[in-house]
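Engineer: There's a structure below that I have some questions on.
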Amino acid sequence: EIRTNRIAGNSRFETSIESLDAARSMGSESNTVVLAAGFGFADALSIGPWAYATASPIVLVNKDGVLTSDEVEAIAQDEYVKRIVIVGGTSVVSDEVEEQLGKDYTYVRLSGEDRYQTNVNVTDWATRNGLAWTKPALASGTRFPDALVGAALCGSFASPVVLDSELSLAALLVHKATISQGYILGGMAVVDDISGLTANTRLNGVDI
């Protein structure tokens with residue numbers, strides 16, 4: 001028998017609170033909560049493998065770049081949280097979140113000029129804080145479904161997701177000697193093959 005639990009709220013923001021609670025009920029003792037934009041997928045995707053690997057909940061901010069009052073309360077009541085990792089620039093996650101949450105936390109902001117530079121900076125930080133370049137994946141930076149599924153895969157491998165751009169590919173290829181298996185998320189219409197890697201497997205819903 002397979003047991004299932006639904007984690008849901010009346011909005012994406014309520015669902016992120018429920019996810020925080022679910023992570024704790026399933027044994028997470030991570031001292032970190034991640035904040036990322038609730039409208040737009042790229043930043044949450046970039047940090048997703050690290051969040052998965054470290055059992056660190058992701059809480060979404062609204063269109064104004066701030067937390068809801070319920071989210072602030074949920075984080076404040078969480079006895080484990082000591083560090084807040086903010087993913088994205090101030091245009092998507094406002095500095096106001098630090099005022100909302102107060103001075104009891106250590107804040108780390110990971111951002112860049114666009115989603116691709118943010119991805120590079122997130123990946124650099126994540127691979128210095130628990131992830132490794134052994135089994136990374138390459139995903140589209142403009143189409144999210146394949147990449148969101150792949151983030152959990154990479155998290156299980158404790159390896160990053162790299163968004164498809166010249167900047168991101170250059171960062172990926174710097175570490176090619178470390179890569180034992182590379183993954184491409186999506187078909188050729190979404191992401192072209194990678195050259196210069198030791199191995200790759202295309203995960204496009206057809207052949208694995």
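Engineer: Test of understanding: express the Cα radius of gyration of the range 1-94 as a ratio to 2.2 N^0.38 Å, with N the residue count.
Structural biologist: The value comes to 1.04.
Engineer: Can you tally the net charge around VAL122? Count Lys and Arg as +1, Asp and Glu as -1, for every other residue whose Cβ sits under 14 Å from the Cβ of VAL122. The partial results should precede the final answer.
Structural biologist: Values: positive: ARG109, ARG115, ARG128; negative: ASP43, GLU113, ASP114, ASP124.
Here the count lands on -1.
Engineer: Given the convex hull over the Cα atoms of the chain, what projected area results after averaging over all orientations, in nm²?
Structural biologist: For the Cα atoms of the chain, the hull's average projected area reads 12.2 nm².
Engineer: Return one whole number: the accessible area per residue of the chain in Å², for a 1.4 Å probe.
Structural biologist: For the chain, the per-residue accessible area is 51 Å².
Engineer: Determine the sum of side-chain charges near ALA152: Lys and Arg each +1, Asp and Glu each -1, restricted to other residues whose C-beta is under 15 angstrom from that of ALA152.
Structural biologist: 0
Engineer: Just from its helices, what would the mean residue ellipticity at 222 nm be for the chain, if runs of 4 or more DSSP H residues each count -39500 (n - 2.57) and the sum is divided by every residue, rounded to the nearest 500 deg cm²/dmol?
Structural biologist: Taking each H run of at least 4 residues, the total per residue is -11000 deg cm²/dmol.
Engineer: Could you give the nm distance between label points at GLN100 and SER11, where each point is 7 Å from its Cα heading toward the beta carbon?
Structural biologist: 1.0 nm
Engineer: Set the Förster distance to 45 Å, then compute FRET efficiency between ASP21 and LYS176 from the Cβ-Cβ distance, nearest 0.05.
Structural biologist: 0.65
Engineer: Then there's this: Just to confirm the number: angle between the C-alpha axis of helix 12-25 and the first principal axis of the chain, 0 to 90 degrees, nearest 10?
Structural biologist: Taking the Cα atoms of the chain, the angle to 12-25 is about 90 degrees.
Engineer: Further, regarding this structure: Nearest 10 degrees, 0 to 90: what angle lies between the long axis of helix 42-54 and the longest principal axis of the chain (Cα atoms)?
Structural biologist: 80 degrees
Engineer: Next up: Find the centroid of the Cα atoms in the range 1-64 and in the range 164-186, then give the distance between the two in whole Å.
Structural biologist: 26 Å
Engineer: So for GLU14, GLU166, what's the accessible-area order with a 1.4 Å probe, most first?
Structural biologist: So the residues, ranked largest to smallest area, are GLU166, GLU14.
Engineer: Which of the lysines could a cross-linker span from LYS176 if the Cα-Cα distance has to be under 22 Å and same-chain partners fewer than 8 positions apart are dropped?
Structural biologist: Within the straight-line limit of under 22 Å, LYS176 reaches these lysines: LYS135.
Engineer: If we sort 93-103, 175-185 on the protection proxy, mean other Cβ atoms within 10 Å, highest first, what's the order?
Structural biologist: Ranked from most to least packed, the peptides come out as 175-185, 93-103.
Engineer: Going from most exposed to least, what order do SER11, SER156, SER25 have by accessible area with a 1.4 Å probe?
Structural biologist: Ranked list, largest accessible area first: SER25, SER156, SER11.
Engineer: For the pair ASP114/PHE39, report the inter-label distance in nm, with labels modelled 7 Å from Cα in the Cβ direction.
Structural biologist: So the label points at ASP114 and PHE39 sit 2.1 nm apart.
Engineer: Grab the beta carbon distance between ALA76 and ALA152, set R0 = 22 Å, and tell me the FRET efficiency rounded to 0.05.
Structural biologist: The pair ALA76/ALA152 has a calculated efficiency of 0.20.
Engineer: Give the carbon-plus-sulfur fraction of the accessible surface of the range 1-80 in %, rounded to a whole number; probe 1.4 Å, heavy atoms of protein chains only.
Structural biologist: It is 44 percent, rounded to a whole number.
Engineer: Taking the Cα atoms of the range 61-151, what is the range of coordinates along each of the three principal axes, in descending order and whole Å?
Structural biologist: Reported extents, whole Å, longest axis first: 36, 28, 24.
The values are calculated or read from the model by the stated rules, or taken from the named source; none is laboratory data. Note that the structure is predicted; figures quoted are calculated from it, not measured. Please note: Cβ atoms are built from the backbone with ideal geometry, for glycine as well, and neighbour counts cover all protein chains shown. Ligands, DNA and RNA are stripped out before the accessible areas are found, and what is left, the full protein with its side chains, is counted by its heavy atoms. Shrake-Rupley method; radii C 1.70, N 1.55, O 1.52, S 1.80 Å.
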